1. Only one of (1) in a helix (DSSP H, G or I); (2) modelled with pLDDT under 95 fails for L58. Which number is that?
2. Starting from residues that are more than 30 Å from D167 (Cβ to Cβ), modelled with pLDDT under 85 and not polar (S, T, N, Q), keep the ones in segment 92-110 and report whichever is most open to solvent (accessible area, probe 1.4 Å).
3. Got a number for residues in segment 98-136 being of a type in the set (S, T, Y), farther than 24 Å from K175 by Cα and touching a His at 6+ places or on another chain (Cβ under 8 Å)?
4. Go through segment 162-202 and report how many residues are open to solvent by 70 Å² or more (accessible area, probe 1.4 Å) and among the small types (G, A, S).
5. Can you confirm whether segment 241-255 contains a residue that is hydrophobic (A, V, I, L, M, F, W, C), open to solvent by 70 Å² or more (accessible area, probe 1.4 Å) and not in a helix (DSSP H, G or I)?
6. Consider Q70 carefully, then state whether it is crowded, with 19+ Cβ neighbours inside 10 Å and touching a strand residue (DSSP E or B) at 6+ places or on another chain (Cβ under 7 Å).
7. Going by the structure shown, is S51 of a type outside the set (V, I, T), assigned to a loop (DSSP other than H, G, I, E, B) and within 15 Å of the chain's Cα centre (by Cα)?
8. Looking at K31, K55, which is the one that is over 20 Å from E128 (Cα atoms), surrounded by 15 or more Cβ atoms within 10 Å (Cβ to Cβ) and basic (K, R)?
Amino acid sequence: MKRPALQSPSLPADGPPNPAPFPYRDYVGAKSALMAALTARPFYGQVTGPSGSGKTSLVRDLSATVDRHQYQVIYLSCSKASLLGIVRFLAQALRVTPRRSCLETSRALSDAIKAHPARFLLWVDEAEALGADTLGEIRTLAESDHEHGQLFSLVLCGLPELRSLLDATPLFPLKRRITLRCSLEGLRRDELGSFLVHRFGSDASRLPEPLRDEIFERTRATVALVDRVARPALNRAGNSVVTDEHLREAIDVTGL
């Protein structure tokens, strides 16, 4: 999916720290695209980005934003989960009593989803850790009712390696169904100042521009890493301006 040409909301030059997710361009574009897709028919989506880019914050934000009478987001962090485990998880989430077999439980799930007034979105985190067989079976589960069509929307979320995994020949039927592709690449350089104000409030002014350039390069613009470097640097400086020495110590601590 081509990145939407969106701008990050303008933020004040000064103010109190804000712990909420920072609305950088990729994040805003992904949320907007997901919200739009939810209002249409059930879809398959893909969200990728490095660790710390805001993928988990995105699904939490999405879940808190949608009208829960119309949409229900089911979050599944399934590092190496099996299809049986996923079916049982969905049964618990939808309050469906598990049957004697996975197939029988899947049928009961299908009936419960069709009878529910809300539209469901299954968000599978750490999807790159799943095998090709399990990913293919999740697609089969989403399309288990041939008369009704796709039962729920499915978003596969994970590290950039997920894109390579979906290139595997057995997963072609799943890949060709993916109509929404979002990538959280991190901050642009012109967003760094606003992020620092968002996260640290007036203390952001104690970070000189030359040091901001180094933070941006060292962290590869990943929002969580920027926080992990800037925070200890500010703490080491106390109430003073952050120096190169403070920043070097903070970088050493984070191992960058």
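1. It is condition (2) that L58 fails.
2. First, the residues of segment 92-110 that are more than 30 Å from D167 (Cβ to Cβ): 92-101, 104-105, 107-108.
Checking the rest, the ones that are also modelled with pLDDT under 85 come to 92-94, 98-101, 104-105, 107-108.
Keeping just the survivors that are not polar (S, T, N, Q) gives 93-94, 98-100, 104, 107-108.
Numbers: A93: 42, L94: 32, P98: 81, R99: 116, R100: 223, E104: 68, R107: 147, A108: 15 Å².
Looking at the filtered set, the residue picked out is R100.
3. Narrowing segment 98-136 to residues of a type in the set (S, T, Y): 101, 105-106, 110, 134.
If we keep only those that are farther than 24 Å from K175 by Cα too, we end up with 101, 105.
If we keep only those that are touching a His at 6+ places or on another chain (Cβ under 8 Å) as well, we get none.
Going through segment 98-136 one residue at a time, the tally reaches 0.
4. The number of residues fulfilling the criteria is 1.
5. Taking segment 241-255 as the starting set, the residues that turn out to be hydrophobic (A, V, I, L, M, F, W, C) are 241-242, 247, 250-251, 253.
Next, only the ones that are open to solvent by 70 Å² or more (accessible area, probe 1.4 Å) stay: 241, 253.
With the extra rule that they be not in a helix (DSSP H, G or I), the set shrinks to 241.
Within segment 241-255, one or more residues are hydrophobic (A, V, I, L, M, F, W, C), open to solvent by 70 Å² or more (accessible area, probe 1.4 Å) and not in a helix (DSSP H, G or I).
6. Taking the combined requirement at face value, the residue does not satisfy it.
7. Working: of a type outside the set (V, I, T): yes; assigned to a loop (DSSP other than H, G, I, E, B): yes; within 15 Å of the chain's Cα centre (by Cα): yes.
Judged against the criteria, S51 is a match.
8. On the way: K55 fails: over 20 Å from E128 (Cα atoms).
Answer to the selection: K31.
The values are calculated or read from the model by the stated rules, or taken from the named source; none is laboratory data. Predicted model only: the values in this text are computed from it and were never measured. All Cβ positions, even for glycine, are placed from backbone atoms using ideal geometry, and neighbour counts span all protein chains on display. What goes into the accessible areas is simple: the full protein's heavy atoms, side chains included, and nothing from ligands, DNA or RNA. Shrake-Rupley method; radii C 1.70, N 1.55, O 1.52, S 1.80 Å.
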